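I have placed the structure first, in the form of structure tokens, so that the comments after it can refer back to it.
Nothing in this text is a laboratory measurement; each read-out follows from the coordinates by a stated rule. The shown structure was predicted, so the numbers you read here are calculated from the model rather than taken from an experiment. FYI the Cβ positions are ideal-geometry reconstructions off the backbone, even for glycines, and counts take in every protein chain you see.
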Amino acid sequence: MLLRDRRQVRRVKLHQPIKVRPASPRDAEFEDISRTENASKNGIYFLTGVSRYFVGMRVYVTLPYLPEANTKGREYFGQVIRVDRTATDKRGVAVQFL
């Protein structure tokens with residue numbers, strides 16, 4: 001059975017530093033510093049060692065996240081739409097911007 005790709009916008013391989021944090025205080029407070037694996041104008045996909053992500057979770061994503069620079073990245077509001085297990089025991093997280 002073939003799975004249909006539901007993406008409407010092409011993704012590009014892009015490795016940008018990001019900071020992700022939950023939008024709701026009831027979702028355990030944490031900040032995750034990572035980098036994108038790919039991105040589109042509608043969302044990002046990244047790998048992480050953090051196990052707290054779940055489908056439906058609302059998050060804030062700062063992109064690009066450059067703490068040493070005097071410029072601030074833009075903060076996006078999004079929702080986790082997929083969490084994958086990888087062969088390296090990391091998780092792949094897909095976030096759709098809302």
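The residues of region 74-98 that are assigned to a loop (DSSP other than H, G, I, E, B), surrounded by 10 or more Cβ atoms within 10 Å (Cβ to Cβ) and either in contact (Cβ under 8 Å) with a residue 40 or more places away in the chain or hydrophobic (A, V, I, L, M, F, W, C) (or both), listed by number, are Lys90, Leu98.
Considering region 16-69, the qualifying strands (runs of 3 or more DSSP E), each wholly inside and each with 2 or more residues that are touching a Pro at 6+ places or on another chain (Cβ under 8 Å) and of a type outside the set (Asp, Glu), run over 17-22, 32-40, 58-63. Does Asp32 satisfy the criteria of being exposed (fewer than 12 other Cβ atoms within 10 Å of the Cβ), of a type outside the set (A, V, I, L, M), in contact with a strand residue (DSSP E or B) (Cβ under 7 Å, 6 or more places away or on another chain) and free of Cβ contacts under 8 Å to residues at least 24 places away in the same chain? So Asp32 fails the test.
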